[in-house]
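Worksheet: the structure to be examined is printed underneath.
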Amino acid sequence: MTSASGITWLVAVTAIILMLAYKRQPLLIWTVTFAGALTVASVFSLFAPDPLIILWLLFWMFLLTFQVLPIRRNLLSRPLLALFRKIMPEISETEEEALLAGTSWWEAELFSGQPHWETITSLPSPELSAEEQRFLDGPVEELCTMLDEWQIVRDNNYDLPGEVWAFLKNKGFFGMIIPKRYGGLEFSALAHSAVIVKLASKSLTAAVTAMVPNSLGPGQLLLRYGTDKQKKYYLPRLANGTEVPCFALTSSVAGSDAAAMLDQGVVCRQDFAGKKDVLGIRLTWDKRYITLAPVATIMGLAFKMYDPERLLGNKEELGITVALVPTNLPGVEVGKRHIPLDQAFQNGPTRGQDVFIPLENVIGGQDYVGQGWRMLMECLADGRSISLPALAAGMGKLATRSTGAYAHIRKQFKVSIGMFEGVQEALARIFGYTYAIEAVRLLTAQAVDEGEKSSVVSAIAKYHCTELMRKIVNDAMDVFGGTAICLGPRNLWGRYYEGIPISITVEGANILTRSLIIFGQGVIRCHPYLLAEMKAARNGDTRKGLRDFDRAFWGHVGLVGSNKVRAFLLALTDGQLTRSGFQGRTKKYTGQIVRMSAALALVADAALLVLGGRLKRQESLTARLGDILSQLYIASAVIKRFQEQGRPEADTALLDWICQDALFKAQDQLAGFLNNFPNRLLAWGLKCLLFPTGKRYLPPDDRLGGKVVNCFLEPTETRERLTAGIFISGEADDGLNRIELAFQKQVAIADIENKARAGLKDLGLKVANDLELMEQALAEKILSPKEVQKLREAYEATLKALAVDDFLLRN
């Protein structure tokens, strides 16, 4: 043997090992490959006989131990299963139902470390039907003209006018998700989302009022689980507004912990509605924060159900159940209001004491008694996926259009404030985050229309869209300055600013969504093997449990090994080894997403290995891992949106800004996770694997932010694309229209103004303000009277746009 030949063999084998691990080849391929490598070494005598014998012995030990399944199961998997059962985290019944609800989708690909991009690229481009577009251009547009948020709050006692309520009911706004055979509009999730986007750009009150009946509520639950009798009776009434629904989930003492709710129903018999000895439920509840409760005629109610007399079977505790409760029944308390941060949408507590309903009022009938939490988890995905991202998109689009225009027309020191770098930082965030929200909204709605019911994706969409919306509105307030803090009919942002914190509490508080749900559910629901391992460990059938555990566990081991290699090689090559099918700029970013996906998969398994059941109590760690997953989802959505729109060159600055922002945040959270990981030796090893050349991602720089801002300070196609779908009124007193009109007029007179300033400068004349500019330019005949008139019209339009309200307040 020559040393060169031996080294060559070792290098080749190492390269083959890395390739097999990177490609995730099955165990049989590994076995055949090693057998071939050893055969080559033996035939060509690359090593001395003793080392070769040792290598062959190790190979046969490996073959017998891992390829002969009975030996592997009894020798290795059985004791590992016993250990796994000891360290496996306890999961409550409600946690298990939440974990098993719905589907897993693109988030599972991101968790795998090797995402297959066709999962999202195969989705059709978002497109409304002709009927849906007519509804947006007709009834939705007309409704927006009827809305004035200031009047709703100040002049109409915190309520929509009667004619608006009638319009919402008559035009089918409460029945967008209900099929036509029941009198509804049968719109897609995309259309439902588009309606809320437009309404949110005009009125939060109207948007919330329209979205609640179409998201989590009786309509959604009835569609999926209702009996034929329930559907035939209630769905037409919900569709035409005869019934106004609400859904009462949040208990006054339990909050987000549904398992701790005190609201209960006891199975009993009682006379009801003229009938004797009716089998039913006696309900007592105390709920709060229930939107539409003060005006609802039919309530979906979640409660714990008990059967002390065993009227339904041999169990006393039947579990969380959902039922329909007409609000005119004796014992139901209605009519009071919460005022959430001075917003006018109907919201309030609901209470009931010994309210009797027939058993047939359980949604889905007796078969669904005790199934309420699973039903809610599956339906909750729709509300989180559609309504709240749409609300955020509407406000983001409004901010994009209005702040870009305002930053153009508002001047300081004779320069548009949009030219100041400090203002541009805020503007870049507004425009970039709005693009991100819109991309997430569209991708998530498309997934729902394709039948996906992902609780993890819906949690990502809900949390990050509402949090980005909060940042957008705060930045918009900064840009508008004094005009945004003086409440009145002219104020475009005051009401939105007041209402921003509300969305972070809806359908799960954002803190809990981030720290418990996104990763907590995601790692179990989306991991390729973990849920299978947990099911196998809990399987009472020892033989089947062992067989299932053996298959899942060794698949898991192979996955970890592969992700170690993938994460290291992708970090070392800056993601260049990936193949996604994308071209140009998007190819670079898809490579980075795959790299971070492999890193996420690896550290998630490290956390599970070290912390086990303690992981769910390490909320700061799980929140960081959830943030990594979320940022990868956001970047994926943005890339898909950019591709669908034909990769417009004018939008590349937006693509770059958002992807760089998302990757930097993912990297930052990964570093934060490693810095706080309790096993410091393992954390150091992971850091060497994941950052072999240091941290490569940087946040968007000032130059890129400036490019983004320049897309919106002028009337550009990028501006029109991103703000499409909001309500733009032609009314002179409309807040957005005043700004838009001034913007258009200032853009139109830019050449005239430049001509005047240049002419006066040539004459050595200085002017203090725009009025002097017009007077001097006319006097010196630099401008014609017609040109000065255009300047004057732009000036007056700008004054109207910048005006704020004042009031005579009396004691």
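What is the distance in Å between the Cα centroid of the stretch 233-309 and that of the stretch 319-372?
Value for the Cα centre distance between the two parts: 3 Å.
Roughly how many debye, to the nearest 20, is the charge dipole of the chain about its Cα centre, given +1 on each Lys and Arg Cβ, -1 on each Asp and Glu Cβ, and no other charges? Show your work: numbers first, answer last.
Values: 90 positive and 85 negative charges, 433 e Å.
Using Cβ point charges on Lys, Arg, Asp and Glu, the chain gives about 2080 debye.
Taking Rh as the Kirkwood radius, which is the inverse of the mean 1/r over Cα pairs, what is the Rg/Rh value for the stretch 24-93? Write out the running numbers ahead of the final one.
Numbers: Rg = 17.8 Å, Rh = 14.7 Å.
Here Rg/Rh amounts to 1.21.
Cβ under 14 Å from L292's Cβ, L292 left aside: what net charge do those residues give with Lys, Arg +1 and Asp, Glu -1? Walk me through the numbers on the way to the answer.
On the way: positive: K169, K287, R288, K336, R337; negative: D159, E243.
Counting the neighbours of L292, the net charge comes to +3.
From Cα pairs below 8 angstrom and at least 6 apart in sequence, can you work out the relative contact order of the stretch 686-811, rounded to a whole percent?
On the way: 62 pairs, mean separation 29.2, N = 126.
Reported relative contact order: 23 percent.
Calculate the length of the line joining the C-alpha centroid of the stretch 684-746 to that of the stretch 785-811, in whole Å.
Rounded to whole Å, the Cα centres lie 28 Å apart.
Going 7 Å from the Cα of F44 in the Cα-to-Cβ direction, what parts of the stretch 14-37 have a backbone nitrogen less than 12 Å from that spot?
Under 12 Å, as judged by backbone N against the label point of F44, lie 37 of the stretch 14-37.
With a 1.4 Å probe and every protein chain left in place, work out the accessible area per residue of the chain in Å², rounded to a whole number.
Details: 34930 Å² over 811 residues.
Normalised by residue count, the accessible surface of the chain is 43 Å².
Show me the ranking of peptides 25-33, 667-675, 715-723 by mean Cβ neighbours inside 10 Å, starting with the highest.
Values: 25-33: 13.4, 667-675: 19.3, 715-723: 17.2.
Put in order of decreasing packing, that is 667-675, 715-723, 25-33.
Find the centroid of the Cα atoms in the stretch 14-32 and in the stretch 568-586, then give the distance between the two in whole Å.
After rounding, the separation between the Cα centres reads 20 Å.
Using only the Cα atoms of the chain, what are the Rg and Dmax in Å?
Rg and Dmax of the chain, Cα atoms, are 31.1, 106 Å.
Between R78 and S5, what is 0.36 nm times their sequence separation minus the Cα-Cα distance? Round to one decimal in nm. Walk me through the numbers before you get to the answer.
Working: separation 73, 0.36 × 73 = 26.28 nm, distance 4.23 nm.
In short, 22.0 nm is gained.
Which of the listed residues, Q346, N474, A48, is farthest toward the dipole's positive end in the chain, when Lys, Arg count +1 and Asp, Glu count -1 at the beta-carbon?
The Cα lying farthest towards the positive end belongs to A48.
Based on the alpha-carbon gyration tensor of the stretch 474-546, what equivalent-ellipsoid semi-axes (square roots of 5 times the eigenvalues) come out, in whole Å, largest first? Could you put the intermediate results ahead of the total?
On the way: eigenvalues 523, 22, 9 Å².
Rounded to whole Å, the semi-axes are 51, 11, 7.
Cα convex hull of the stretch 702-803: how many Å³ per residue? Write out the running numbers ahead of the final one.
Values: hull volume 14.1 nm³, N = 102.
Cα convex hull per residue, to the nearest whole number: 138 Å³.
Restricting to DSSP H runs of at least four residues, report the calculated mean residue ellipticity at 222 nm for the chain, -39500 (n - 2.57) per run over all residues, nearest 500 deg cm²/dmol.
Mean residue ellipticity at 222 nm (helix-derived): -18000 deg cm²/dmol.
Net charge near L722: determine it from the other residues with C-beta under 11 Å of the C-beta of L722, scoring Lys and Arg +1 and Asp and Glu -1.
Value of the local net charge: +1.
Using Cα pairs closer than 8 Å and at least 6 residues apart in sequence, work out the relative contact order for the chain, in percent. Numbers along the way, then the final one.
Numbers: 1308 pairs, mean separation 117.3, N = 811.
This gives 14 percent for the chain.
Put +1 on the Cβ of every Lys and Arg and -1 on every Asp and Glu Cβ in the chain; which of V708, S77, N491 then has its Cα farthest towards the positive end of the dipole?
It is S77, whose Cα lies furthest towards the positive end.
Roll a 1.4 angstrom probe over the protein heavy atoms and tell me the percent of accessible area of the chain that is carbon or sulfur. Before the final figure, lay out the partial values.
Details: 19230 of 34930 Å².
Roughly 55 percent, rounded to a whole number.
With the contact rule set at Cα under 8 Å and sequence spacing of 6 or more, what percent relative contact order holds for the stretch 545-623? Numbers along the way, then the final one.
Numbers: 44 pairs, mean separation 21.0, N = 79.
Once normalised by length, the contact order is 27 percent.
Please give every one of the lysines within straight-line cross-link reach of K232, meaning a C-alpha to C-alpha distance under 30 Å, and leave out same-chain neighbours fewer than 8 residues apart.
Those lysines meeting the cut-off are K169, K171, K180, K275, K276, K287, K304, K453.
Grab the other residues whose beta carbon is less than 14 angstrom from that of V140, score K and R as +1, D and E as -1, and report the net.
On the way: positive: R134, K171, K198, K202; negative: E131, E132, D137, E141, E142.
Once positives and negatives cancel, what remains is -1.
Mean Kyte-Doolittle of at least 1.0 and a Cα length of 27 Å or more along the axis: which whole DSSP H helices of the chain meet both?
Working: long enough: 3-23 (30 Å, 1.57); 388-409 (31 Å, 0.49); 421-449 (42 Å, 0.41); 455-480 (37 Å, 0.42); 542-572 (44 Å, 0.06); 584-611 (41 Å, 0.74); 619-644 (37 Å, 0.23); 652-676 (36 Å, 0.20).
Qualifying helices: 3-23.
With the dipole of the chain worked out from charges on the C-beta (+1 for Lys and Arg, -1 for Asp and Glu) around the Cα centre, which of L18, I177, Y289 lies farthest toward the positive end?
Working it through, the farthest residue towards the positive pole turns out to be L18.
The values are calculated or read from the model by the stated rules, or taken from the named source; none is laboratory data. Here the structure is a predicted model, which is why all the values come from computation and not from measurement. For neighbour counting, all protein chains shown are included, and Cβ atoms are generated from backbone atoms with ideal geometry for every residue, glycine included. Accessible surface areas use protein heavy atoms only, side chains included; no ligands, DNA or RNA. Shrake-Rupley method; radii C 1.70, N 1.55, O 1.52, S 1.80 Å.
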